Every structure is written in C-alpha cells, then in structure tokens.
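First comes the structure, then the notes that go with it.
Computed from the coordinates by the stated procedures, all read-outs in this text should not be read as laboratory data. Keep in mind that this is a model prediction, so the values were computed, not measured. Cβ sites come from the backbone with ideal geometry, for glycine too, and all protein chains shown count toward neighbours.
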Amino acid sequence: MRLITNKERQRYILFIIIQENKIFLDQKTLLKSIWKSIWRYFGMKEANRIGLWLIEFNSQEDYFILRCSHETKEIIISALTLIQEINGRKIILSPIKTSGTIKSIKKHKLLLNNIK
C-alpha cells in the first residue's frame, strides 16, 4: 500500500530594501516587522497558514529572500509593501522576483548584483 501526499507548492520571493539613510537592520527586526504587518492587515487566521521562512538575508547588499506557500504569496507581498518604517526610519520593501524554485531566484539576485 502506498500513501500519496500532496506536497504543498512553495514560492520564493526576492525583495530589495530601499532606505533613505542606511540603518542597521538584522533578521530579528525584519521578521518582527513582517509578522506585525501580517497580523495588522490580515489577522491571525491568515498568519497561521502563511508558512513563512526567511531563506536568505543580506543587510550589506539590501536584499532578502522569503519562502511561503503558493496560496499565500499575494498576502506576503501585500503585507511587506505596506511596511513604511522600521525602528522609526522610513523604508520600502520592494518585491523584485517571484519563483517556484530557489535556483531561479538566486540567478536573478546575481543579475541584480551585477547591475549595482
């Protein structure tokens, strides 16, 4: 007998961090701001089904990669674009690329680094 399980499809989202004055931003502060925005705008019910993971974070190059469920991708993007400040400083978290594979996101990240 074989058990068939449907593995939930994942989405990877590359975000860049745009800030007027460079501030020290660590993973803990970023994640706290993300969850606060999700809870504020979408509630606990949606927050419980998101399946959010911070895959990569680079404060020097101002980018990060999130993984989430394919069904909650739009919620994540909306919640992050609604964040306007972190630690009292103005900030914009802008989605650059969404993909079903981490390989494609990392390839796009390399292209961004070459442009800078």
Discussion item. Pairs of alpha-carbon atoms within less than 8 angstrom and 6+ residues apart define the contacts here; what relative contact order does the chain have, in percent?
Written reply: 40
Discussion item. Given R₀ = 30 Å, what would the calculated FRET efficiency be for I55 paired with N21, taking r from the Cβ atoms and rounding to 0.05?
Written reply: 0.65
Discussion item. Give me the count of lysine pairs in the chain whose alpha carbons sit under 15 angstrom apart, restricted to pairs 8 or more positions apart or on different chains.
Written reply: 8
Practice prompt. Do me a favour and compute the ellipsoid semi-axes for the chain from its Cα gyration tensor, root of five times each eigenvalue, largest one first, whole Å.
Written response: 26, 19, 10
Worksheet entry | Pairwise FRET efficiency - I102 versus W35, Cβ, R0 = 22 Å, nearest 0.05 | 0.50
Discussion item. For the chain, what does the helix formula give at 222 nm: sum of -39500 (n - 2.57) over DSSP H segments with n ≥ 4, over the residue count, nearest 500 deg cm²/dmol?
Written reply: -12500 deg cm²/dmol
Worksheet, complete the sentence: Long-range amide H partners of I91, meaning residues 5 or more apart or on another chain whose placed amide H is closer than 5 Å, are E85, I86
